[in-house]
Amino acid sequence: MRKPIAILAVALLATALIVGCASEKSVPTMPTPAQGTVSYVTDSFLAQIGVDPTKSNEYGLYLPPGFNENTSYPVLVLLNGFGGTEDYWTVIFNAADAADWLISRGDIDPMVIVMPSGYNSLGGSFYTNSAHAAVQTSEQHILDVLSEVETTYPNVGGSAAMRGIGG
């Protein structure tokens, strides 16, 4: 009983060695999709509501491959998890690479992605408001960042049908 098992094991090992040592064939690779750009922008929200102007927040901004100022784009606001900053989605989850890939496959339309920091120095943070000078800070911060992007890029967002939020 043991002899047939040993013969089978040797035969399988020999087959594996022969196949493994065969000439190398080219391994198919996936094409690299065109890449969008990611930048980090300092927003002016804290200065606008009367906080020390030396304090600021940033947001990440992804522009899709081939971004064209004459083309309309939807905008997606990605809210990060607790403790995350403006680079959370790009560093931890490679959101820009994922968007590039999905756009190249035609799974999603090209879009602009805004990734604000959830932190603020006013006591409220991560999408909870703190009452500062009668401003609901978290809600207003997101709206101000969105407005800033849509003002800088008039072809981005602009209406409820062209905006999304997630996280």
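Only the coordinates and a few stated rules stand behind these numbers; no lab work does. Predicted model only: the values in this text are computed from it and were never measured. Note that each Cβ is placed from the backbone with ideal geometry, even for glycine, and that neighbours are counted across all protein chains shown.
Can you figure out the FRET efficiency of ASN94 with ARG163, using R₀ = 30 Å and their beta-carbon distance, to the nearest 0.05? Don't skip to the end; give the middle numbers.
Numbers: r = 23 Å, r/R0 = 0.78.
It comes to 0.80.
For ILE5 and ARG105, what is the calculated FRET efficiency with R₀ set at 35 Å and r taken between the beta-carbons, to the nearest 0.05? Don't jump to the answer; show the numbers that get you there.
On the way: r = 48 Å, r/R0 = 1.36.
Computed FRET efficiency for ILE5 and ARG105: 0.15.
Could you check the spin-label model distance between THR29 and GLU139? Points 7 Å from the Cα along Cα→Cβ, value in nm.
Rounded to a tenth, the inter-label distance reads 5.1 nm.
Run through every distinct alpha carbon pair of the range 68-115 and return the Kirkwood hydrodynamic radius in angstroms, one decimal place. Present the calculation step by step, with values, prior to reporting the outcome.
Values: mean 1/r = 0.0854 Å⁻¹.
Taking the inverse mean of 1/r over all distinct Cα pairs, the range 68-115 comes out at 11.7 Å.
Taking K and R as +1 and D and E as -1, what net charge do the other residues with C-beta under 15 Å from the C-beta of ILE165 add up to? Write out the running numbers ahead of the final one.
On the way: positive: ARG163; negative: GLU139, ASP144, GLU150.
Charge balance in the 15 Å sphere: -2.
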